[in-house]
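Below: one structure, written as structure tokens.
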Amino acid sequence: MNGGPLPVLLLRGRLRLRRAGPLACGALLSGLCALAGWSWIWSQRTQMAEAPLPPTAVAPLVLASAVPPATPEQNLALFYATLGQQRYSEQQVRILFGLAAKAGLTLKQGEYKSGYDQASRVHTYQVVLPVQGSYAAIWRFTLDALRALPFAALDEISFRREAIGDPTLEARLRLTLYLTGARPAPPP
């Protein structure tokens, strides 16, 4: 009973591989895998070269109309319009405390310091907040605070952990609120 030339070729191949040893078998297998990989890459490259471009890639370019740049006066007006109001600084601190509670942080008593920059005619209100919570909660609070108070700047943030396995961190955040309002009276 003859099954054809294929079983004979397979038997001869198996015998030659046994004689060659495992190192030669591994090399042959690696070569076959490399050949299959190159064949696949070549077929993908050919298909991509023959494929039509998507409609978005062939669409004509539309030039945007040029918007004239803002004048220095417009930029300055926009700057002052973005500042917070000095008379609402207590409410702004309450917003920070509310955001800390929403993030699940323990917020200790903060330190507050007001100032005035004569050159820019801008009031500053520096807030130092010691908080405790998870790393993710502290960052969520920080980002939420900067979104809620767009006139605030994060000047400094530092983290401290008691033990390496402790999930609770202590963080110290220093924020500066940039505010507009009446100029403070000069000292007597």
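No value in this document is a laboratory result; all are computed from the given coordinates. The shown structure was predicted, so the numbers you read here are calculated from the model rather than taken from an experiment. Neighbour counts run over all protein chains shown; Cβ positions are idealised from the backbone, glycine included.
Points worth noting:
- Segment 84-180 - convex hull of alpha carbons, volume per residue in Å³: 82
- Close amide H partners of Gln85, meaning residues 5 or more places away or on another chain with modelled amide H under 5 Å apart, are Thr180.
- Dipole moment magnitude, nearest 20 debye, segment 84-180 about Cα centre, only Lys, Arg, Asp, Glu C-beta charged: 200
- For segment 84-180: relative contact order, % (alpha-carbon pairs under 8 angstrom, 6 or more apart): 33
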